[in-house]
Amino acid sequence: MYISTKAIVLNAIKYQEKSLIVHCYTEQQGLKSFFVPSAFSSAKNRQKAAYFLPLTLLEVDVNFKNKGSLEHFKSIRIHEPYISIHGDIHKNAIALFMTETLTNCLKESQPDSELYQFLETALLWLDHHDSIANFHIITLLKLTKYLGFAPSNDSSGDYFDLQNGTFTVSYNNSCLTIDESVLIKKGLSLSYDDEKNHLTGKERQQILALILNYYQVHLDNFRIPQSITVFKELFN
């Protein structure tokens with residue numbers, strides 16, 4: 001089945017000396033893996049390794065076989081070139097963190113055009129803005145909507161129930177403490193364009209840890225991204 005589709009690069013693994021195995025989330029086919037032969041062999045090769053930096057936005061033409069094996073690109077081009085993500089140390093750290101997180105989350109191959117559009121829009125926002133310290137927190141919380149476990153908007157209760165994703169007036173074994181629940185409320189109040197919602201470095205680290213804990217409760221085998229350690233230095 002020949003398809004032209006947009007794709008977000010999740011990661012690229014070097015295979016032998018000159019080739020790559022590239023994992024992408026595509027708009028029309030969901031999560032797919034591709035074999036890129038001779039990615040390093042020639043400067044003239046259109047399937048250059050530089051195309052497969054984390055979270056690069058591509059447009060690809062593929063004859064999908066959907067047989068469980070690696071697919072091959074027929075043609076590939078940059079959909080929207082980044083201005084700053086791969087050159088800014090803070091944005092690049094966020095990109096690596098989001099790459100790890102998405103790789104953990106996007107296990108199904110089923111396509112979801114709304115999820116794809118959300119990710120593309122978020123990444124382009126990151127690329128074009130400077131106030132990005134809360135980006136990963138906002139994105140992780142918004143992503144839960146597409147993964148099926150979005151927290152309730154009703155924050156009238158004092159305790160956040162990790163299992164049910166709701167705030168409750170009575171404490172149970174799956175609830176966060178009152179102080180932790182207040183931090184979750186702060187995270188849920190954040191938005192990309194509202195620069196008034198400031199967090200201290202300590203609050204940011206605490207909220208991120210709580211959100212990742214929430215992911216672990218709802219996603220089987222979810223692993224804490226190793227790149228989280230970089231955040232303690234860059235976003236303190």
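The values are calculated or read from the model by the stated rules, or taken from the named source; none is laboratory data. Everything numeric here is computed off the predicted structure, so don't read it as measured data. Every residue, glycine as well, gets a Cβ built from its backbone with ideal geometry; the counts of neighbours run over all protein chains shown. Each accessible area value is taken on the protein alone, full model and side chains, heavy atoms only, with ligands, DNA and RNA left out. Shrake-Rupley method; radii C 1.70, N 1.55, O 1.52, S 1.80 Å.
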**Item:** I224 being in contact with a helix residue (DSSP H, G or I) (Cβ under 6 Å, 6 or more places away or on another chain), within 28 Å of L31 (Cβ to Cβ) and touching a residue at least 40 places away in the same chain (Cβ under 8 Å)
**Value:** no
**Prompt:** When you go through (1) within 30 Å of Q110 (Cα to Cα); (2) surrounded by 15 or more Cβ atoms within 10 Å (Cβ to Cβ); (3) under 16 Å from the mean Cα position of the chain (by Cα); (4) not polar (S, T, N, Q) one by one for I132, which number turns out not to apply?
**Reply:** (1)
**Item:** Scope region 115-169; condition of a type in the set (S, T, Y), farther than 23 Å from T56 by Cα, at pLDDT 95 or above and out of contact with any helix residue (DSSP H, G or I) (no Cβ under 7 Å at 6 or more places or on another chain); matching residues
**Value:** T166, T168
**Asked** Of these, L147, L162, which one is under 30 Å from D130 (Cα atoms) and surrounded by 12 or more Cβ atoms within 10 Å (Cβ to Cβ)?
**Response** L147
**Item:** Residue tally, condition among the basic types (K, R) and either touching a Leu at 6+ places or on another chain (Cβ under 7 Å) or touching a residue at least 60 places away in the same chain (Cβ under 8 Å) (or both), over region 66-76
**Value:** 1
**Request:** Kindly indicate the residue of region 18-56 that is among the basic types (K, R), open to solvent by 70 Å² or more (accessible area, probe 1.4 Å) and closer than 24 Å to D127 by Cβ and also modelled with the lowest pLDDT among those meeting that condition.
**Result:** R46
**Asked** So is Q226 at pLDDT below 90 and within 22 Å of L123 (Cα to Cα) or not?
**Response** yes
**Request:** Return the only residue of I78, I85 being open to solvent by 10 Å² or more (accessible area, probe 1.4 Å) and aliphatic (A, V, I, L, M).
**Result:** I78
**Prompt:** If you scan region 188-202, which residues turn out to be farther than 23 Å from H128 by Cβ and surrounded by 16 or more Cβ atoms within 10 Å (Cβ to Cβ)?
**Reply:** L188
**Prompt:** Limited to region 171-181, what total is found for residues that are crowded, with 16+ Cβ neighbours inside 10 Å and not charged (D, E, K, R)?
**Reply:** 3
**Prompt:** Looking only at region 103-134, which residues are closer than 28 Å to E203 by Cα and not hydrophobic (A, V, I, L, M, F, W, C)?
**Reply:** T103, N104, E120, T121, D127, H128, H129, D130, S131, N134
**Request:** Take K65 and decide whether it is farther than 30 Å from H218 by Cα, exposed (fewer than 12 other Cβ atoms within 10 Å of the Cβ) and at pLDDT below 90.
**Result:** yes
**Asked** Looking at this structure, is Y15 more than 30 Å from F149 (Cβ to Cβ), among the aromatic types (F, W, Y) and open to solvent by 60 Å² or more (accessible area, probe 1.4 Å)?
**Response** yes
**Request:** Quick one: count up the residues across region 211-231 that are open to solvent by 20 Å² or more (accessible area, probe 1.4 Å) and of a type in the set (A, V, I, L, M, F, W, C).
**Result:** 5
**Asked** Consider H72 against the criteria (1) more than 24 Å from T200 (Cβ to Cβ); (2) open to solvent by less than 20 Å² (accessible area, probe 1.4 Å): it satisfies all of them except one. Which criterion is unmet?
**Response** (2)
